Amino acid sequence: MDFQLSDDQRALRDGFRDLLAGRFGREALREAVDRGSLDRGLWKELGDAGLFGLCLPEADGGVGLGLPEAVLVFEEAGRALLPGPLVATHLAAGVVKGADTGESVVTAVDGEVVEWLAESDHVRGDASAAREIRSVDPLTPLHRVAHAQEMPDAAVLLTAALQLGSAGRTTEMAVQYAKTREQFGQPIGAFQAVKHLCAQMLVRTELARAAVYAAAVTGEGLEAAGAKLLADDAAVRNARDCLQVYGGMGFTWEADVHLHLKRAWVRAGRGPTAAQVEDRFAAALRGPL
Amino acid sequence: MDLTYTEEEEDFRLRLRAWLARTLPTLPPKPDPLDWPARRTYDLGWQRRLYDAGYGEVHWGSTPTQHLIYLEETEKAGAPYVGANFVGLLHAGPTIAAEGTAAQRERWLPPVVRGEEAWCQGFSEPDAGSDLASLRTKAVRDGDHYVVTGSKIWTSHAEVADWCELLVRTDPTAPKHRGITWLAMPMDTPGITVRPLRTLAGSAEFAEMFLDEVRIPVANRVGEENDGWRVTMVTLSYERGTAFVGEVVQCRRTLGQLADAARENGRWDDDALRRRLGRLSAEFGALWRLTQWNVSEAQRSGGVPGIGGSVFKLRYSHARQELYETAAEVLGPDSLDLDREWTADRLSSLSYTIAAGTSQIQQNIVAERILGLPKGR
Ligand SMILES: Cc1cc2nc3c(=O)[nH]c(=O)nc-3n(C[C@H](O)[C@H](O)[C@H](O)COP(=O)(O)OP(=O)(O)OC[C@H]3O[C@@H](n4cnc5c(N)ncnc54)[C@H](O)[C@@H]3O)c2cc1C
């Protein structure tokens with residue numbers, strides 16, 4: 001057992017982090033917020049970099065990697081707040097033409113809300129009765145549907161990976177801010193109340209990380225659902241705590257904190273609900289192991 | 001990232017499992033958990049059985065992964081808990097294995113693995129709990145001996161221990177972290193008085209220790225004089241890093257038993273309660289994965305568990321308390337019966353957020369040492 005990243009996995013993760021920092025850094029993010037539509041050029045570049053074809057066999061023109069690698073890359077996408085129906089397009093690689101290369105944008109009806117419906121080239125599932133709603137997340141247009149299909153396990157897991165990335169990023173943002181913002185003549189991070197908020201953010205992130213990575217390795221559906229339960233918790237609560245650490249600044253449109261929180265809400269609202277996952281875990285509980 | 005075990009490791013697991021299945025039915029009945037002298041005999045006897053079967057040194061003689069498998073399998077099988085051997089096997093022993101000289105390892109480790117000697121931990125003092133480095137028990141050099149005077153508190157199992165991992169101040173003029181030394185103290189040395197303290201669970205599980213000119217050979221010093229804080233960090237990394245591994249498995253067992261109990265007594269239909277059990281199950285599953293992550297990291301970095309132990313302990317200690325609060329809900333009025341299973345566990349779980357460093361202190365450690373936030377005053 002060596003439950004740590006391999007050198008290749010580390011290199012893959014770092015490569016995507018660098019790519020996203022260069023191509024979708026702070027300025028691009030804020031531009032995207034102002035624009036509100038999907039950047040097709042970027043989508044194609046992500047396709048070229050292998051984001052969508054990562055798990056497609058090499059024989060079919062993909063990268064031929066597995067779920068653990070996909071999870072690492074989606075974590076980076078979550079950190080960067082990359083917009084778009086990333087999970088649905090990734091899972092459509094090899095099924096929908098042009099999905100793997102980033103030439104198509106694919107969304108799926110696999111929750112009571114559907115992302116990016118109007119801008120997608122292809123919709124998986126029945127969206128006939130979909131009604132547009134004014135989305136809480138400025139970077140995720142949403143439609144409401146009456147009857148949702150179940151979200152596939154892989155989509156649950158990749159959504160959890162996005163949440164994990166966001167949880168890690170808001171932890172970093174809070175820590176960075178706490179080191180520089182001074183009040184009462186010292187950095188606010190020297191105050192225990194702030195320190196303990198930050199420590200709990202890390203604890204939530206690391207627990208979710210272990211769950212997400214393990215679920216990627218085992219590929220088990222129940223474990224994926226558990227990972228999403230913990231990752232939703234980490235992403236939502238960390239964004240809230242980050243906002244608290246930022247103080248008044250955190251309540252502004254200018255700070256990125258709200259973007260993380262709103263996206264975390266959207267992702268937490270898709271896939272199985274917390275109660276459903278808890279019930280599944282409860283049903284699986286039986287006497288001594 | 002790989003969660004499969006090697007063939008060798010699986011082999012080890014299967015042999016251990018088979019041995020446990022053969023051996024556990026032949027054990028004498030468990031003693032009263034509050035009777036520590038009886039538990040000492042029982043716990044050390046169990047350790048002897050393990051030693052005779054070739055599993056004595058698994059706590060530090062094998063790889064971290066083998067240790068993990070050992071803890072997992074013994075807990076799953078419901079084998080006796082380390083109990084009176086906790087300190088010797090899970091943190092004093094590993095510290096001596098990592099930091100002791102060849103002669104010290106030869107002197108102290110075999111009796112621990114053979115179940116002949118038990119250890120206790122004399123770190124905390126009445127005025128040095130969370131602020132451990134402010135400890136004042138002093139040691140004055142007199143030829144080949146240190147002469148130690150002071151007092152310790154909360155020393156678990158002191159009454160039944162043969163040795164004590166003791167922290168003393170050898171240089172009162174140095175900054176507080178620099179003047180500390182780590183010693184092994186034989187508990188039968190003249191000048192030691194042990195006064196049991198009763199815990200809220202009713203047992204005399206820990207004690208006060210008064211040390212009056214206790215003469216300890218200089219040869220019993222692990223690490224250099226005044227370098228004891230560094231050695232202590234090794235001890236604490238084991239105490240927080242690996243000591244709870246088996247208990248995660250135990251909690252998962254308990255969850256299954258609670259589900260059965262709730263199905264039997266009708267509480268299962270309470271949606272909120274059932275889902276709380278489900279969430280705890282997901283959470284203990286993740287805590288187990290985090291354990292595997294930390295063990296793999298230790299294995300890669302040469303054995304000593306890293307600071308991730310504090311992250312683990314923070315969540316684990318609270319989750320375990322939530323587990324027994326939920327157990328009380330499942331049991332209803334029976335949870336007020338001291339003879340019922342889980343009532344004693346509920347009581348003892350109250351200590352998890354205090355012992356081995358309080359949650360507040362762990363949060364400071366995580367914030368300062370992992371996240372790099374400025375040190376507070
Ligand atoms: C069951 C049990 C077994 C134990 N066994 C042993 C043993 O075998 N050997 C041994 O040496 N010790 C042992 N201990 C002692 C244990 O390590 C201490 O109790 C613990 O470190 C806390 O110290 P304290 O009790 O003096 O509390 P204090 O340090 O007085 O703390 C009291 C409260 O103040 C908070 N606090 C203190 N400092 C800070 C700070 N800087 N920031 C924020 N909050 C703070 C604490 O979190 C706590 O809530 C045991 C304790 C228990 C409960």
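The values are calculated or read from the model by the stated rules, or taken from the named source; none is laboratory data. Owing to the predicted nature of the structure, the values given are computational and were not obtained by experimental measurement. Note that we place each Cβ from the backbone using ideal geometry, even for glycine, and neighbour counts take in every protein chain shown. Keep in mind that these areas ignore ligands, DNA and RNA; they rest on the heavy atoms of the full protein, side chains included. Shrake-Rupley method; radii C 1.70, N 1.55, O 1.52, S 1.80 Å.
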### Query
Any idea what log10 I(q)/I(0) is at q = 0.14 Å⁻¹ for segment A:1-146, Debye with uniform C-alpha scatterers and no solvent?
-0.68
### Task
Mind jotting down the three principal axis lengths of segment B:121-216 based on Cα atoms? Whole angstrom, largest first.
41, 28, 16
### Message
Residues of segment B:1-42 losing 30 Å² or more of accessible surface, assembly versus chain alone, probe 1.4 Å, please list them.
### Response
B:1, B:2, B:3
### Task
Using a 10 Å cut-off on Cβ to Cβ distances, tally the other chain neighbours for every residue of B:350-362 and report the average as a whole number.
1
### Query
Taking only pairs that are 8 or more places apart or on different chains, how many Lys pairs in the protein assembly as shown have Cα atoms under 27 angstrom apart?
24
### Summary
Relative contact order of chain B (C-alpha contacts under 8 Å, at least 6 apart) in percent is 14 percent
### Task
Please give the helix A:257-268 orientation as an angle from the longest Cα principal axis of chain A, in degrees from 0 to 90, rounded to the nearest 10.
40 degrees
### Task
Enumerate the calculated ³J(HN,Hα) couplings along segment B:167-177 in order (Karplus 6.51 cos²θ - 1.76 cosθ + 1.60, θ = phi - 60°), each rounded to whole Hz, writing x wherever the residue is Gly or Pro.
9, 10, 9, 9, 9, x, 8, 6, x, 4, 6
### Task
Work through the residues other than residue A:278 whose Cβ is under 11 Å from its Cβ and net out their charges, Lys, Arg +1 and Asp, Glu -1.
+2
### Query
Counting only heavy atoms of protein chains, what accessible area per residue, in Å², does the protein assembly as shown have with a probe of 1.4 Å?
41 Å²
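Please express the shape of segment B:209-271 as an equivalent ellipsoid: the semi-axes are the square roots of 5 times the eigenvalues of the C-alpha gyration tensor, given largest first in whole angstrom.
Gyration-tensor ellipsoid for segment B:209-271: 48, 15, 9 Å.
Report in % the part of the accessible area of chain B that belongs to carbon and sulfur, leaving out ligands and nucleic acids; probe 1.4 Å. Please report the intermediate quantities before stating the final value.
On the way: 7960 of 15850 Å².
Heavy-atom surface of chain B belonging to carbon and sulfur, 1.4 Å probe: 50 percent.
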### Task
Please list the non-local residues whose amide H lies under 5 Å from the amide H of residue A:124, H modeled 1.01 Å from N, same-chain partners needing a gap of 5 or more.
A:107, A:108, A:109
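Place a +1 charge on the Cβ of each Lys and Arg in segment A:1-68 and a -1 charge on the Cβ of each Asp and Glu, then give the dipole magnitude about the Cα centre in debye, rounded to the nearest 20.
320 debye
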### Query
Across 10 Å bins from 0, what is the distribution of all Cα-Cα pair distances for segment B:184-342, in whole percents?
9, 25, 26, 23, 13, 4, 0
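Quick check for me: using +1 on Lys/Arg Cβ and -1 on Asp/Glu Cβ, what's the dipole size of chain A about its Cα centre, in debye to the nearest 20?
940 debye
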#### Entry: Debye-sum result for segment A:193-289 in log10 I(q)/I(0), which assumes one identical scatterer on each alpha carbon, at q = 0.18 Å⁻¹
-0.88
### Query
What angle do you read, to the nearest 10 degrees and between 0 and 90, between the alpha-carbon axis of helix A:67-80 and the longest principal axis of chain A?
50 degrees
### Summary
Within segment B:114-251, the percent of DSSP beta bridges that are antiparallel, given to the nearest 5, stands at 85 percent
### Task
Pop out the ³J(HN,Hα) list for segment B:56-69 in order, Karplus 6.51 cos²θ - 1.76 cosθ + 1.60 with θ = phi - 60°, rounded to Hz; leave Gly and Pro as x.
x, 9, 5, 6, 9, x, 10, 6, x, 5, 4, 4, 4, 4
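Between A and B, buried accessible area summed over both sides at probe 1.4 Å, in Å² to the nearest 100?
Interface area, both chains combined: 4700 Å², rounded to the nearest 100.
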## Note on the structure
Bridge orientation stat for segment B:98-178 from DSSP, antiparallel percent rounded to 5, came to 55 percent
### Task
Taking chymotrypsin sites (Phe, Trp or Tyr not before Pro) as candidate sites, keep only those in a DSSP loop with at most 14 other Cβ atoms within 10 Å, then name the longest stretch of chain A containing none of them.
A:1-183
#### Entry: Filtered GluC sites (Glu not before Pro), segment A:186-239: DSSP coil and at most 16 other beta carbons within 10 Å
A:220
### Task
Over every pair of different alpha-carbon atoms in segment A:231-281, take the mean of 1/r and invert it; report that Kirkwood radius in Å.
11.7 Å
### Message
Could you give me D for segment A:1-78, from Stokes-Einstein at 20 °C and 1.002 mPa s, where the hydrodynamic radius is the Kirkwood radius over C-alpha pairs? Units µm² s⁻¹, please.
### Response
157 µm²/s
### Task
May I have the extent of the alpha carbons of segment A:83-196 along their three principal axes, as whole Å values ordered from largest to smallest?
59, 29, 24
### Task
Counting only C-alpha contacts under 8 Å and six or more residues apart, can you give the relative contact order of segment A:183-239 as a whole percent?
35 percent
### Message
Can you compute the radius of gyration and Dmax for segment B:4-65, using only the Cα atoms, both in Å?
### Response
14.1, 42
### Summary
With +1 at each Lys and Arg Cβ and -1 at each Asp and Glu Cβ, the charge dipole magnitude of the protein assembly as shown around its Cα centre, to the nearest 20 debye, comes out at 1240 debye
### Query
Given q = 0.08, 0.12 Å⁻¹, what are the Debye log10 I(q)/I(0) values for chain B, with equal point scatterers placed on the Cα positions and solvent ignored?
-0.42, -0.97
### Summary
Taking placed amide H atoms and a strict 5 Å upper bound, the residues 5 or more places from residue B:129 or on another chain that come that close are none
### Task
Compute the relative contact order of segment B:162-205 as a whole-number percentage, counting only Cα pairs closer than 8 Å that sit 6 or more residues apart in sequence.
33 percent
### Summary
Compactness summary of segment B:1-149: radius of gyration and Dmax from Cα atoms, Å, are 18.3, 55
### Task
Over 49 Å, how big is the tail of the calculated P(r) for the protein assembly as shown, in percent of all Cα pairs?
20 percent
#### Entry: Volume per residue that the Cα convex hull of chain A spans, once the total is divided by residue count, Å³
149 Å³
